[in-house]
Every structure is written in C-alpha cells, then in structure tokens.
Amino acid sequence: MWRDNDDKIMDILDNIENVNKGYFPVVCPICGKKEGHLYFHRNMEGDERGSMWAWCSACYHFSHAIYRLPKWWQNLKEINLKKLTSYPNYLEENKVCIDQWINEILFSNLTSRE
C-alpha cells in the first residue's frame, strides 16, 4: 500500500517555512492532489532531533527520516509515541488533527517573525 520510492515527496517540507504556499494539506508533489501531509515528533523535550514523516493520502507515497526539527516544533499531544512506526498508517488516521496542529503552529511561528 505505502510506497517509499520517490524522494520528490520530501518537497512537502518546502511548505513549512513559506506562508504563501498555503496550509496543510498541501498539493502532493507526486500526484498533484491536495492530500500532502507532514508530521514531526521530537524525541525528548529540548532535543533538536526527532522523526519526520511526509505522506500523501491519495497516492500513498511517503518518506520517514530522522530529522533536525525546527526549534518552534511542539509535539501534538494527541499522538501516541508508542503507535508511531516508519509507515504513516497511524498518522493517516489522525491527519485532520495533525493538519490543524501544524497549521496552528506554523501560523503562530510565521506571524511572530514578522
């Protein structure tokens, strides 16, 4: 079902720093549907490292990697660390609240820099 064979899915990361590109979900760089999602999870409070997932709900391409997280990132409390795997199944089930969360913290981060 999930496919991790096209690094172009990582282009979803371009949307985290540019308010002009729109809010999540974003247009998937592979299939062109507005089903692109992103989630980070910080390993421990204050740690700059964590995990990153970029995935598309339409074409099922995804990427998972260890990632240096943005300083402003805060884990979504509703996400259970024990349910996270490299595949985004659990994240897909929670994509609506994840998109709302990332939009909220992106907006507050971008407006605080202005």
Per the beta carbon screen (other Cys under 4.7 Å), unpartnered cysteines of the chain come out as Cys97
Once amide hydrogens are built 1.01 Å from N within the peptide plane, the residues lying 5 or more places from His61 or on another chain with amide H under 5 Å from its amide H are Arg3, Cys56
Residues whose modelled amide H sits under 5 Å from the amide H of Tyr67, counting only those 5 or more places away in sequence or on another chain, are Gly50, Ser51, Met52
Around Tyr90 (Cβ within 12 Å, Cβ-to-Cβ, excluding Tyr90; K/R +1, D/E -1) the net charge comes to 0
Neighbour-count ranking for Ser51, Ser108 (other C-beta within 10 angstrom, fewest to most) reads Ser108, Ser51
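Under a Cβ-only charge scheme (Lys and Arg +1, Asp and Glu -1), can you give me the dipole magnitude of the chain about the Cα centre, in debye to the nearest 20?
In debye, rounded to 20, the chain gives about 100.
Mind checking the stretch 35-108 for chymotrypsin sites (Phe, Trp or Tyr not before Pro) that DSSP puts in a loop (not H, G, I, E or B) and that have at most 15 other Cβ atoms within 10 Å?
Trp72
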What the 5 Å binned alpha carbon P(r) of the stretch 7-90 shows, as percent of pairs per bin from 0, is 3, 15, 26, 25, 20, 10, 2, 0
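Here, each number is a calculation from the coordinates, and none is a lab measurement. From a predicted model like this one, the values you see are computed outputs, not experimental measurements. Every residue, glycine as well, gets a Cβ built from its backbone with ideal geometry; the counts of neighbours run over all protein chains shown.
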